[in-house]
1. Once you put a point 7 Å from the Cα of Asp19 and another 7 Å from the Cα of Gln31, both along the Cβ direction, what distance in nm separates them?
2. What aspartates and glutamates does Lys36 reach when the alpha-carbon gap must be under 20 Å and sequence neighbours fewer than 8 apart in one chain are set aside?
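Every read-out reported here was derived from the displayed coordinates using simple, explicitly stated rules and does not represent laboratory data. Please read all numbers here as calculations on a predicted model, not as lab measurements. Don't worry about glycine lacking a Cβ; one is built from the backbone with ideal geometry, like all the others, and counts go over all protein chains shown.
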Amino acid sequence: MTKFGQAEYSDFMAKVFADKLDKILEQDEKQSFNSKNTEDIYSQFPSSRDAA
């Protein structure tokens, strides 16, 4: 196993954090996009509350 100095370890941890953050943001963006599409679709239909 490679030995890390303090600077190398900090750089490694920053890269790992950035990679994980990118994945989380990408998933969140997809989820937001899907939610927005669902809201747009359902806004075209009258709700059952309006029918009463």
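1. Modelled inter-label distance: 2.2 nm.
2. Glu26, Asp28
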